[in-house]
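The structure under discussion appears below in the form of structure tokens.
The values are calculated or read from the model by the stated rules, or taken from the named source; none is laboratory data. Note that the structure is predicted; figures quoted are calculated from it, not measured. Cβ: placed from backbone, ideal geometry, glycine included. Neighbour counts: every protein chain shown.
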Amino acid sequence: MKRKIIGIVGFFAVVFLAFGVFQSTAKAATSMPFSVSAVLPDNQVDKTKTYFDLRMRPGEKQIIEVELANASDREVTVETSANTAITNDNGIVDYSYTGHKFDKTLKYPFSSLAETDKETTIPKQSSKRVQVVLTMPKDGFKGAILGGLHFKEKEHKNAKQKESSGVQIENKYAFVVGVVLQESDEKQKESFDLREIKPSQVNFRNVLKANVQNKAALIVPEMEIKAYVTKKGDNKTLFETNKEHLRMAPNSNFNYGIGWDNKPFKPGKYTLHMQLKASDKTWKWTKDFEIERKEAKKFNDRAVELEKDYTMYYIIGGAILVLTLLVVVYLLGRRSRQTKS
């Protein structure tokens, strides 16, 4: 029986660039069956940008358009979704999230303000425009709302390419067009917070996760975080992780990971020391946390490449050795006394 393996090749081309947050990978478009381009409206703030940067009024409705071009010799069906920008655990702004669990400070998710058809079929060697209806919240707001229009080729079983080896390869293509919505030039002040700290794992390796929150309706284009862990009441650094060029979406949070160097979690009380730099400003936190015995065992039992801690075995072995020597000394002393008597 032939073994069937599906290899997925994902292409995510983001056709906008701003604030250092947005990545431009237009070169990848040449290998894709379709491409996208934003049709910029009159209320575009910066005409040089290729993403939507719009100034709108409270309660205003507007239709924006994205042109899909199919240069291939086959019909292409494209799935469309309007996604709210979040920050993923790599410290990168992510436009692919389709869930509804957002940061509590996010009052107006982009996904609730934009409506569009779920899919569009483009005939071969032609183009078609997709319309997106934006409805601004009635109550005015300060800052920025950030989202992305996500375009992905719909999967079809008959599009799978079967190689002679029996391996099946399915190609997936996707684009994201960014959308920034604002009502004024008034800029929000940066506001960050350090929230929950908990032991966890990434790829079956022990990691401490510290949740960092951007409470402002502000895009953070460049951020640096330094963090280290000590025992509570001690100054000795046990574990440390520093990262640069991190980015955050407005009103979002992410789990900053502190590597545990392939060592087991040990139950006890610790202190996390964190420093965050953004826009020439610095935020510092010192926060205590505890790793419970049950948590430590759960993660240690399933961790890979874990360095074993033999300290307890050494202590037990040493105690047994000392006890054995005491018994031997006692028996020899007793035998000596009996011989003399």
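List of remarks:
- Qualifying residue in the stretch 77-85 (condition: at pLDDT 95 or above, charged (D, E, K, R) and within 30 Å of Q201 (Cα to Cα)): no
- Exactly one residue out of E224, E290 is out of contact with any helix residue (DSSP H, G or I) (no Cβ under 7 Å at 6 or more places or on another chain) and under 30 Å from F141 (Cα atoms), and it is E224.
- Counting only residues that are outside any helix (DSSP H, G or I) and either among the charged types (D, E, K, R) or modelled with pLDDT of 65 or more (or both), the stretch 298-330 holds 7 of them.
- Restricting attention to the stretch 113-142 and to residues that are part of a loop (DSSP other than H, G, I, E, B), of a type outside the set (K, R) and under 29 Å from the mean Cα position of the chain (by Cα), the residue that is farthest from N43 (Cα to Cα) turns out to be D117.
- The residues of the stretch 74-107 that are buried (at least 17 other Cβ atoms within 10 Å of the Cβ), part of a loop (DSSP other than H, G, I, E, B) and touching a Pro at 6+ places or on another chain (Cβ under 7 Å) amount to a single one, F102.
- Selected residue (criterion: farthest from D94 (Cα to Cα)) from residues of the stretch 169-187 that are in contact with a Leu (Cβ under 9 Å, 6 or more places away or on another chain) and surrounded by 17 or more Cβ atoms within 10 Å (Cβ to Cβ): Q182
- Pairing residues of the stretch 93-108 that are touching a residue at least 24 places away in the same chain (Cβ under 8 Å) and of a type in the set (S, T, N, Q) with residues that are surrounded by 10 or more Cβ atoms within 10 Å (Cβ to Cβ) and assigned to a loop (DSSP other than H, G, I, E, B), at Cβ distances under 7 Å and at least 6 apart in sequence or on separate chains, gives T105/K215; T105/N251.
- Residue in the stretch 227-238 that is surrounded by the fewest Cβ atoms within 10 Å (Cβ to Cβ), counting only those that are touching a Lys or Arg at 6+ places or on another chain (Cβ under 8 Å) and outside any loop (DSSP other than H, G, I, E, B): K231
- Checked against (1) surrounded by 14 or more Cβ atoms within 10 Å (Cβ to Cβ); (2) over 30 Å from D53 (Cβ atoms); (3) without any contact (Cβ under 8 Å) to a residue 60 or more places away in the chain; (4) charged (D, E, K, R), E224 passes all but a single condition, namely (2).
- Test: residue in the stretch 194-211 that is of a type in the set (F, W, Y) and assigned to a strand (DSSP E or B): no
- Sole exception among (1) surrounded by fewer than 20 Cβ atoms within 10 Å (Cβ to Cβ); (2) of a type outside the set (K, R); (3) farther than 18 Å from S37 by Cβ for S126, by number: (3)
- Members of the stretch 246-286 that are under 24 Å from L181 (Cα atoms) and part of a strand (DSSP E or B): L246, R247, M248, S252, N253, F254, A278
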